[in-house]
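*Asks:* The structure follows.
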Amino acid sequence: MNIEEKRNKEKIIVSRMIAIFCKGQKHEAGKGQLCERCKELQDYAMLRTELCPFMETKTFCSKCKVSCYKPVMKEQIRKVMRYSGPRLMIYHPVLTIKHFMLDRKK
């Protein structure tokens with residue numbers, strides 16, 4: 001898998017996790033739409049993923065030695081991950097398995 005494919009998969013996973021969180025917390029702005037705060041977090045996460053200098057070798061952001069998220073955004077994404085992580089397997093089982101296989105390869 002090349003770096004661009006890996007970057008795109010990372011973006012998909014984060015977007016889906018934020019969507020699960022937003023819907024589960026009843027934040028939704030409308031059918032299938034993220035609330036303003038979750039949309040802001042998603043945009044920020046996409047930018048951070050796009051600019052990640054370690055994409056070639058990284059597995060999960062939580063295991064990275066360099067924190068590129070602002071403290072406020074880091075706390076928000078942690079909440080999303082805590083809530084959505086276990087639920088991702090229910091909504092997107094194949095995506096979840098592929099994501100965790102990436103960690104095993106490293």
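*Asks:* Given the criteria touching a Ser or Thr at 6+ places or on another chain (Cβ under 9 Å), surrounded by 11 or more Cβ atoms within 10 Å (Cβ to Cβ) and either part of a helix (DSSP H, G or I) or among the hydroxyl-bearing types (Ser, Thr, Tyr) (or both), does LYS11 qualify?
*Replies:* yes
*Asks:* If you don't mind, another one. Within region 61-106, restricting attention to residues that are polar (S, T, N, Q) and within 20 Å of ARG48 (Cα to Cα), which residue is modelled with the lowest pLDDT?
*Replies:* SER62
*Asks:* Report, by residue number, each residue of region 8-42 that is over 16 Å from TYR83 (Cα atoms) and in contact (Cβ under 8 Å) with a residue 40 or more places away in the chain.
*Replies:* LYS9, GLU10, ILE12
*Asks:* Given (1) in contact (Cβ under 8 Å) with a residue 40 or more places away in the chain; (2) in a helix (DSSP H, G or I), where does ILE97 come up short, assuming only one miss?
*Replies:* (1)
*Asks:* Of everything in region 41-83 that's under 15 Å from GLU10 (Cα atoms), polar (S, T, N, Q) and not in a helix (DSSP H, G or I), which residue is nearest to the chain's Cα centre (by Cα)?
*Replies:* THR59
The values are calculated or read from the model by the stated rules, or taken from the named source; none is laboratory data. This structure is a prediction, so every number in the text was calculated from the model and none was measured. When we count neighbours, we look across all protein chains shown, and the Cβ atoms used for this are built from the backbone with ideal geometry, even at glycine.
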